[in-house]
Structure formats: structure tokens, C-alpha cells
Amino acid sequence: MTAFPEISLDRRARRWLGIGSVFGFLSIAFGAFGAHGLEGFLDTSAMATYDTAARYQMYLSLVLLCVGIIQAMFPSRSFTFPGIAFSVGILLFSGSLYALSLTSLWWFGMITPFGGIAILVGWVLFFLNIVRNCPA
């Protein structure tokens, strides 16, 4: 049986693994709250918006865990900018959708596209870092 390679976690890898874990925990907590605590309180449209926020937060939490793992594999390279972009994306995209669904204040919906842009920027930066910094 082959043993797993030993990987040491530097400060940057621990940071992204920690942030991804916290956002993942919160997505489950918010999702459970939405499914059980908001049932009957929100209409169908607001509930769908809230669900989208929790789902995207979980997806991006998993991506942040990947950023941390890849950072651990290549500690001499920095994946800081993609991690920041994904984190900002979670806060703006999911955060604005949570706020929109809970308050029905339309202007929260104007923030959501900025979160989407941050997520797209994160993906571009992640791709570029992989291509430039990880050996084939």
C-alpha cells in the first residue's frame, strides 16, 4: 500500500483551510436555519433565493479548501489572491442574497452581481496560478 506524501501546512495553507471550514460550517448552519427556522416565514421566491445563497456558499467553501490543499502542496507559491476573491465573493454574493431574502429590500439584489464578479475573478486567478505555479 502506498503511503500519502507528507505535507506540511504553512500559514497560508492553514488560513485557507480554516476560512473554508468556517464558511462551510456557516453554510450548513444557515441552510438548516432556512429549511427549519424560516419555513412558513418566507414565501417560495425568498426561500429559493435563500437556498441559492447557502448552496453557493458551500460550493465556494469547498473551493477554498482546495485552495488550502494546493497551497500546502506548493508552499513556495501564493494562492492568496484567488482565496481573497472567493471569500469576497461569498460575502457579497451569498451575503446579499441572504439579506435580500430575509428583508425583501430590493437594493441588496444590486450587490449580488459584484459578488458574482468576485467569484469569476477568483476562478480566473485560480486557473492562472495553477498554470503558472504548478509543475506539469
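The values are calculated or read from the model by the stated rules, or taken from the named source; none is laboratory data. Owing to the predicted nature of the structure, the values given are computational and were not obtained by experimental measurement. Cβ: placed from backbone, ideal geometry, glycine included. Neighbour counts: every protein chain shown.
Below, the figures for the structure above:
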read-out	value
Any chance F93 is in contact (Cβ under 8 Å) with a residue 60 or more places away in the chain, in a helix (DSSP H, G or I) and over 19 Å from R132 (Cβ atoms)	no
Subset of the range 67-83 [farther than 18 Å from L26 by Cβ and part of a helix (DSSP H, G or I)]	I69, I70, Q71, A72, M73, T80, F81, P82
Test: residue in the range 117-132 that is of a type in the set (A, V, I, L, M), within 26 Å of L9 (Cβ to Cβ), surrounded by 18 or more Cβ atoms within 10 Å (Cβ to Cβ) and over 13 Å from the mean Cα position of the chain (by Cα)	yes
Options L92, L42: the member that is at pLDDT 95 or above and hydrophobic (A, V, I, L, M, F, W, C)	L92
